[in-house]
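Report on the following structure.
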Amino acid sequence: MASEFVAAGKRMEKMREAVPFAVAARYESRLHRVLVTLSNHLEIAINPEQTQVLQGKSKSTLQAIEILPGGYALYFPVLDEGLYLPGIFQGIFGTQKWMRTAASTAKKKSRAA
């Protein structure tokens with residue numbers, strides 16, 4: 001069992017060397033964005049409306065944000081929901097089914113405009 005923890009720790013160390021992790025996160029209500037400062041000093045802005053778990057949520061429920069250990073996930077305790085940052089970096093904002101529906105809706109709105 002102890003060797004599994006050691007191996008997991010080594011995998012996390014390698015990931016932290018290769019993939020930036022969150023060091024700070026906050027919700028900016030004026031912009032309606034979740035702002036995340038990464039370990040490489042880059043700041044990213046996430047539009048809640050483009051994510052499955054935050055879409056349609058009130059500004060007050062987005063205020064409380066925790067960075068989970070390791071820095072690769074944000075947790076919204078009021079919602080009991082989280083965002084996995086490496087997934088966000090890859091353009092994964094929800095389940096495959098949700099993303100297909102969101103893409104289809106966006107195309108229909110674009111055509112209508």
If I go through region 59-75 residue by residue, how many of them are open to solvent by 20 Å² or more (accessible area, probe 1.4 Å) and within 15 Å of GLU28 (Cβ to Cβ)? 6
Going through region 59-78 in order, the residues found to be more than 29 Å from GLY9 (Cα to Cα), part of a loop (DSSP other than H, G, I, E, B) and hydrophobic (A, V, I, L, M, F, W, C) are VAL78
Looking at ALA25, ALA45 in this structure, which one is under 11 Å from the mean Cα position of the chain (by Cα), crowded, with 16+ Cβ neighbours inside 10 Å and modelled with pLDDT of 95 or more? ALA25
Can you list residue pairs whose Cβ atoms sit under 6 Å apart, with the first residue in region 49-69 being closer than 20 Å to GLN96 by Cβ and the second being open to solvent by 60 Å² or more (accessible area, probe 1.4 Å) and not in a loop (DSSP other than H, G, I, E, B)? Count only pairs 6 or more apart in sequence or on different chains. VAL53/GLU81; GLN55/GLU49
In this structure, is GLY56 in a loop (DSSP other than H, G, I, E, B) and loosely packed, with under 13 Cβ neighbours inside 10 Å? yes
Residue satisfying condition, being hydroxyl-bearing (Ser, Thr, Tyr) and modelled with pLDDT under 90, within set THR61, THR95, THR51, THR37: THR95
LEU31 - would you say it is assigned to a loop (DSSP other than H, G, I, E, B), surrounded by 10 or more Cβ atoms within 10 Å (Cβ to Cβ) and free of Cβ contacts under 8 Å to residues at least 24 places away in the same chain? yes
Over region 1-28, the set of residues in a strand (DSSP E or B) and over 13 Å from GLY71 (Cβ atoms) is ARG26, TYR27, GLU28
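The values are calculated or read from the model by the stated rules, or taken from the named source; none is laboratory data. Since we're looking at a predicted model, the values are computed, not measured. A quick note on method: Cβ atoms are made from the backbone with ideal geometry, for glycine too, and the neighbour counts reach across all protein chains shown. Just so you know, the surface numbers come from the protein's heavy atoms only, side chains and all, with ligands and any DNA or RNA stripped out. Shrake-Rupley method; radii C 1.70, N 1.55, O 1.52, S 1.80 Å.
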